[in-house]
Each structure stands twice: as C-alpha cells, then as structure tokens.
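This report concerns only the one structure given below.
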Amino acid sequence: MFVIGERINGMFKNVAEAIKKKDKAVIHDLAKKQIAAGANALDVNVGPSSDNPKETMEWLVRSISEVTDITLAIDTTKQDVMEAGLDACKAKSIVNSVNANDDKLKNLLPLAKKYNSSIIGLTMDKSGIPKDSEGRLELAMKIVASCMEHGIDISDLYIDAVILPVNVAQVHVKEVLKAIRESKMLADPAPKTILGLSNVSQGSLSKYKSLINRTFVSMAISAGLDAAIMDAEDNDLMEAAITAELLMEKQLYADSYIGAYKKSRDLH
Ligand code: THG
C-alpha cells in the first residue's frame, strides 16, 4: 500500500506549537521518523488555527525538503495555500484535495497539471458527503470525467470516499467499502483509491483507536484500497496493512514476509 504519513498536521499540538515557534527541528524529526517507519509520502496540513496559512504551508514544505525529497501531499481546501505548497515543493507533489464542486475542479485541476501532481478527489460537494455508496460513486464519476477533460491520466487520480468517525457515523463505514470496490469500475485504467484512515477512530476511546484503525485498514485493503493517509509510526497498523496485502496476493508469500517487506524497503 502507498502510505502517506499523517503526522505533519497542525491539528496535532506539537506541530501547532512548532509552527508558532518556527521550530524546524520538530518538523525534521517528524519527517524522518515517518519515513523510517515506512511512509512513502508525507501529508502536510497547517491545521485549523493558522493565521497565515500560506506562509505556514511554505515554511512546512521548505522545512521538510531540508531533510527529504519524498513525495508531499499538500493538504488544504484553500486554493492560494495549495499553490503556495505546490510551488515550494521541489519533490513530487499530490493535490490533497479537490472535491466534486465545479469551481474546485475548474481551479485545482489546471494547478495539478501545471505542477505535474497526482490528485486526491473527495466524493463530496456543496451538499456534503453522500450517505450511501451510490451517491459517493456519482461524485467520483464527476471527478473522473473532469480529470479526463483536463487531460489528466486517471492513474494519477486517487478517489477518496471519505470515511467518517465510526462513533457518530457507523452506517457510513460499509458504504465507503462498497464505494472503494465500485470506483474501480469507473474507468480503464481504474482510478486509485485512498482514505484518511484515522478519521474512522476519531472520538473513540484512545485505547481502541489503533485496533479500530488496523481492523478497518484490513477491510479496506480487501475492498481494493491502494493508499492511505495514516499513522505510519503505528507498527501494528503497518503490519496489519502488509498482512492484508499479502492475503490479497498483492505480494508474494514468504514465511518471513514482514521481515522481507521491511528489508526490501530498508526499514527496521
Ligand atoms: N482525506 C484526505 N485528507 C485528509 C483526511 C481525509 N487529511 C486530514 C485527515 N483526513 C487525515 N489525517 C488525520 C490526522 C489525524 C487524525 C485523523 C486524521 C486523528 N488524530 C487523533 C484524534 O483526533 O483523535 C489524535 C489527535 C491528537 O493526538 O492530537 O484522528 O479523510 N484526502
């Protein structure tokens, strides 16, 4: 699975503080640790309370690029913040994200093309997140069609069916799994699929969060999930994902498959 580390996000207290104090060492450390744990890319989000989101995004991206040239997912809903992040990123980038609103598609897809970025397309629009898989697929189809119109390869598109916290939106979970399965039929080659995995356990008891995350990642991988924004430093979660991919025949079986996987990626 393509793992995007979730930790460089201003919703976390230590990141919010590092942003306030312009403390690069915290950001360097978070980047290095997530990569050492197996992240293939890093999500970058200034968080909900940034006064200067544009400058903060530039600062975060520049700080990260001092220690790695790994792919960065620029995580913002604001167009000027997105452009600032993409422009500051010298490595490969991912637009995280567009939704199915006409104005978002019209403004952000050309930006993705200009910066040669992959795109995460959320199955939501002005009326919110549809409750069932059919509604999600309709919006996914709209995003696929719009990418085609903009000359974007569908293999560069990740459809995000948007998982919500199970404690308040339990009925959504199986609809998301169904949407993952069915979004593979929207085009040939199919779009990839992604989730912000930890959303599912937000608000649940701390002692169960990791268990909920790793159970859900296994289910989502069996539904065809290709990528996740998740906690790469949760080793149980990473091993559950590797094992689910093994069982889905995404990797060749070997008795010591965890060790083989980590060795192949130079992880410990
Ligand atoms: N889709 C896409 N991008 C996304 C999301 C998505 N980006 C943001 C988010 N959702 C994914 N990132 C996180 C990061 C942390 C948590 C959830 C999603 C999280 N944190 C713990 C909590 O809130 O309980 C711990 C917070 C803390 O320790 O302070 O759950 O869906 N494309």
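The values are calculated or read from the model by the stated rules, or taken from the named source; none is laboratory data. Since this is a predicted model, take the numbers as computed values, not measurements. Here the Cβ is made from the backbone with ideal geometry for all residues, glycine too, and neighbour counts use every protein chain on show.
A few notes on this one:
- Residue within the stretch 251-268 that is surrounded by 13 or more Cβ atoms within 10 Å (Cβ to Cβ), among the acidic types (Asp, Glu) and out of contact with any Pro (no Cβ under 6 Å at 6 or more places or on another chain) present: no
- Residues of the stretch 123-143 that turn out to be away from the ligand (no atom under 16 Å from the Cβ) and in a helix (DSSP H, G or I), as a count: 7
- Residue 213 fulfils the conditions (1) touching an Asp or Glu at 6+ places or on another chain (Cβ under 8 Å); (2) at pLDDT below 95 except for a single criterion, (2).
- Out of 183, 201, 210, one residue alone is of a type in the set (Ser, Thr, Tyr) and surrounded by fewer than 22 Cβ atoms within 10 Å (Cβ to Cβ). It is 210.
- Every residue from the stretch 16-34 that is buried (at least 22 other Cβ atoms within 10 Å of the Cβ) and touching a strand residue (DSSP E or B) at 6+ places or on another chain (Cβ under 9 Å): 30, 31, 34
- Helices (runs of 4 or more DSSP H) completely within the stretch 1-98 that count 1 or more residues being among the β-branched types (Val, Ile, Thr), within 13 Å of the ligand (Cβ to nearest atom) and in contact (Cβ under 8 Å) with a residue 24 or more places away in the chain: 13-21
- Selection within the stretch 160-171 - over 13 Å from residue 134 (Cβ atoms) and without any contact (Cβ under 8 Å) to a residue 60 or more places away in the chain: 162, 163, 164, 165, 166, 167, 168, 169, 170, 171
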